[in-house]
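A.B. asks: A single structure is presented below for examination.
The values are calculated or read from the model by the stated rules, or taken from the named source; none is laboratory data. Note that this is a predicted model, so its numbers are computed, not measured. Neighbour counts are summed over all protein chains in view; Cβ atoms, including those assigned to glycine, are modelled from backbone coordinates with ideal geometry.
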Amino acid sequence: MPAFRMPAANGGAFRPRVKFNAKAGRVYRIDRVQQADGRVSHEVEITDQFAFYLALESFADGWWHRETFRELLAPLGGTLPPRPDERDANNKPLWIYQVSCTMKLAAAAGGDLRVFSSGAQCVLESLDKLYSECTADPKGSGDEMRRWVPAVRMLRTEPIKGENGVNYAPVFELVKWVERPADMPYEAAGASAPAPTATPVASHVPTNGRTTATPAPASAPATRPNPFDEGAETDASTDDDLPF
């Protein structure tokens, strides 16, 4: 059974993020760069380096405002927040379903803590499969989750044809379990404060990738060198041939 509430907030403060562009099959680290006229977002592509340590306890789902970037989230498995009934000039819903989690990027991809979130159906299905695989392992549940985190990499992307064209789904690989890095504290997901004008909507609305990059076949090599830090403490029972 899928773990996510896939369809058939906090404030708009910036949090360092990773973005998967489902239309192009590319991955970007979203940095904040100080300019003379203020802070602006800067995209750094990390498609070929996309590997990370995943904080399973951080998973949350809910609603994301596609213009103001506000979020209304609840811990995965909790009560889904009411969906505000706000629409744009074309009468399209402004709040869309998403799943969010925290990850620490591997050194080659940036090495810092990031938020990853998406509402694209093909991405949610891949992330759900990864989450289910991880939480089925004893290290991914209960108190063991405080000690261990899964080391994951994206092997490639796969084209998914749908009614709105072709999207690209990430293919994740659970490489092994490692002891939680010191700079990745255990922090269970918390619920967002309710939106002041939240109005319940009867049901979820199917969502697709909402990026505008030009579609292009994209795939990270399936046999890249292992991306994880060699200094990370690991489970001694795992494959010693892996160089991290």
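A.B. asks: Inspect segment 125-133 for any residue being out of contact with any strand residue (DSSP E or B) (no Cβ under 9 Å at 6 or more places or on another chain) and modelled with pLDDT of 95 or more and give the result as yes or no.
C.D. replies: Yes: segment 125-133 contains one or more residues that are out of contact with any strand residue (DSSP E or B) (no Cβ under 9 Å at 6 or more places or on another chain) and modelled with pLDDT of 95 or more.
A.B. asks: Looking at segment 134-150, I want the residues that are under 17 Å from Met103 (Cα atoms) and have a partner that is hydroxyl-bearing (Ser, Thr, Tyr) and crowded, with 21+ Cβ neighbours inside 10 Å with Cβ atoms under 8 Å, at least 6 apart or on another chain. Which pairs are those?
C.D. replies: From residues that are under 17 Å from Met103 (Cα atoms), the pairs are Val149/Tyr53; Pro150/Tyr53.
A.B. asks: Can you work out which of the residues in segment 18-41 that are part of a strand (DSSP E or B), in contact with an Asp or Glu (Cβ under 9 Å, 6 or more places away or on another chain) and modelled with pLDDT of 90 or more is farthest from Phe172 (Cα to Cα)?
C.D. replies: For segment 18-41, the residue satisfying everything is Asp31.
A.B. asks: So, one more: Tell me the residue from Val27, Val40, Val33 that is touching a His at 6+ places or on another chain (Cβ under 7 Å) and not aromatic (Phe, Trp, Tyr), please.
C.D. replies: Only one candidate qualifies: Val33.
A.B. asks: Another one. Does Ala188 satisfy the condition of being touching a strand residue (DSSP E or B) at 6+ places or on another chain (Cβ under 7 Å), under 18 Å from Arg26 (Cβ atoms) and at pLDDT below 95?
C.D. replies: no
Residues checked against (1) over 16 Å from Phe59 (Cα atoms); (2) surrounded by 15 or more Cβ atoms within 10 Å (Cβ to Cβ); (3) among the acidic types (Asp, Glu):
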| position | (1), (2), (3) |
| --- | --- |
| Thr102 | no, yes, no |
| Gly110 | yes, yes, no |
| Arg114 | no, yes, no |
| Glu125 | no, yes, yes |
| Ala136 | no, no, no |
| Arg146 | no, no, no |
| Gly162 | yes, no, no |
| Tyr168 | yes, yes, no |
| Tyr186 | no, no, no |
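A.B. asks: I would also like to ask the following. How many residues does segment 158-173 hold that are more than 15 Å from Phe116 (Cβ to Cβ) and part of a strand (DSSP E or B)?
C.D. replies: Here the count works out to 11.
A.B. asks: Could you check how many residues of segment 97-150 are over 20 Å from Lys176 (Cβ atoms) and among the polar types (S, T, N, Q)?
C.D. replies: The qualifying residues number 5.
A.B. asks: Please list, ordered by first then second residue, the pairs with beta carbon atoms under 6 Å, 6 or more apart or interchain, first in segment 103-127 and more than 17 Å from Val171 (Cβ to Cβ), second small (Gly, Ala, Ser) and outside any loop (DSSP other than H, G, I, E, B).
C.D. replies: Ser117/Ser100
A.B. asks: What's the total number of residues in segment 42-85 that are touching an Asp or Glu at 6+ places or on another chain (Cβ under 7 Å), modelled with pLDDT under 95 and either loosely packed, with under 13 Cβ neighbours inside 10 Å or over 26 Å from Trp95 (Cβ atoms) (or both)?
C.D. replies: Adding up the residues that qualify gives 1.
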